[in-house]
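Q: Here you go, one structure.
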Amino acid sequence: MDIEKRSSARLAFRAKAYIHWDNHDIEGEVENVSVDGAFVTVASRMHVNDVVALTINGTPTIGINAKVVRLTNTGLGLRFEKTLHF
């Protein structure tokens, strides 16, 4: 059984993502976003609890601090340090 752990609704949202992690800049794509997190498709392998800075292209968000909370074969789930206000 898969229990939904999210506390806020996700919005399908496609945009280029830039992740700054461990002195590297990694390009990916945001697949969905909510007020407290996002799922980003990336080729780089990070670890759960790694802290990154996320910039979403075409939005006023620059360098959102986030923690990796989930890993999949195609990307990673991030939880934002601060809740976003749309």
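Q: May I ask you to evaluate 6.51 cos²θ - 1.76 cosθ + 1.60, the Karplus curve with θ = phi - 60°, for each residue of region 44-59 and list the ³J(HN,Hα) values in order in whole Hz, giving x for glycine and proline?
A: 6, 9, 9, 10, 4, 6, 5, 9, 10, 10, 10, 10, 9, 4, x, 10
Q: With θ taken as phi - 60° and the coefficients 6.51, -1.76 and 1.60, list the Karplus ³J(HN,Hα) couplings across region 31-39 in order, rounded to whole Hz; mark glycine and proline as x.
A: Taking θ as phi minus 60°, the curve returns 9, 8, 8, 9, 5, 10, x, 7, 10 Hz for region 31-39.
Bear in mind these aren't lab numbers, they're just calculated from the coordinates by the rules spelled out. Treat the numbers as computed from the prediction; the structure is a model and nothing was measured.
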